[in-house]
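Asker: The structure is given below, and queries will be raised subsequently.
No lab work stands behind these numbers, since they all come straight from the coordinates. Every value quoted in this text rests on a predicted model; they were computed, and no experiment measured them. Virtual Cβ from ideal backbone geometry, glycine too; neighbours counted across all protein chains shown.
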Amino acid sequence: MIQLDSVTLTFPDGDSRVTAVDRVSLTAHPGTVTGITGPSGSGKSSLLAVAATLIRPDAGAVLIDGVDAARLGAKDASDLRRDRIGIVFQQSNLLPSLTAHEQLTVMNELGRSGSRARRKTVAVRAVEVLDAVGLADHCDKRPHQLSGGQRQRVNIARALMNDPSVLLVDEPTSALDQERGAQIIELILGLTAKLETSTLLVTHDLVHLPRMHAVVTMVDGRLCAVPVLA
Ligand code: ADP
Ligand code: MG
């Protein structure tokens, strides 16, 4: 479960600072998807970066399964991120020369003593999650051999490798047509239910919002009480 408690994040802006996230409180429970919507520049990606423990907030708490990530040191925060948080960024960041399967295994081999048993476990896990996102038959394909929707599935699979309890997804449908976008949203809803992740999903595609368990709207860094629905 993830609980944001009065989170504020500012960035330097010339001589002053711009408030990207302004006292935002938000809770997401296991097995639910909370949609975060709002205009461009309203602070959605900033909020997700704080939830992901990638940026420390100026104030407030970021509780991941009860642990306040905002108070952890860099090493503990990165351990927490690796073990409990799955992140799907807006840009796919897939490496052109790697197969779908390798995109998932490479992260798990960096900076660790790679015993053969561990490599085998990671390889098996990668097949399992590629299957879960519907790519069982595409494990050996490189990004240029996959469609936009399939590449997005690889991103989602990669985020699920370590069986996270919190799944954070930023604008997953922005580069897809309506139908493929809807399929990705359905996939995220299904995985959230099956894996019991607490999911935050940023989208400004209003058609998808009725499928979410909860919807919040950001305007100028703040959460608005009334969702702006189409
Ligand atoms: P959204 O994802 O809703 O489009 P962002 O979170 O990207 O909004 O941006 C919110 C505000 O924070 C904007 O005013 C943006 O210019 C500012 N901002 C975001 N990231 C940075 C950064 N790394 N440095 C300075 N300002 C930033
Ligand atoms: Mg954004």
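Asker: Under 9 Å between Cβ atoms, at least 6 apart or on separate chains: pull out the pairs that start in region 1-19 with a residue that is within 11 Å of ALA70 (Cβ to Cβ) and end on any residue that is of a type in the set (S, T, N, Q) and buried (at least 17 other Cβ atoms within 10 Å of the Cβ).
Answerer: Here the result reads THR8/THR19; LEU9/THR19; LEU9/SER46, each pair linking region 1-19 to a residue that is of a type in the set (S, T, N, Q) and buried (at least 17 other Cβ atoms within 10 Å of the Cβ).
Asker: Still on this structure: Which of the helices (runs of 4 or more DSSP H) contained wholly in region 115-230 include at least 1 residues that are polar (S, T, N, Q) and within 22 Å of ALA51 (Cα to Cα)?
Answerer: Numbers: elements: 116-132, 148-160, 178-195.
The helices (runs of 4 or more DSSP H) meeting that bar are 148-160, 178-195.
Asker: Kindly indicate whether any position in region 165-176 is out of contact with any strand residue (DSSP E or B) (no Cβ under 6 Å at 6 or more places or on another chain), touching a residue at least 24 places away in the same chain (Cβ under 8 Å) and surrounded by fewer than 14 Cβ atoms within 10 Å (Cβ to Cβ).
Answerer: No, region 165-176 contains no residue that is out of contact with any strand residue (DSSP E or B) (no Cβ under 6 Å at 6 or more places or on another chain), touching a residue at least 24 places away in the same chain (Cβ under 8 Å) and surrounded by fewer than 14 Cβ atoms within 10 Å (Cβ to Cβ).
Asker: Just for helices (runs of 4 or more DSSP H) wholly inside region 1-109: which have at least 1 residues that are farther than 25 Å from ALA214 by Cα? Let's see the steps before the verdict.
Answerer: Values: elements: 44-51, 74-84, 100-109.
Here the list reads 74-84, 100-109.
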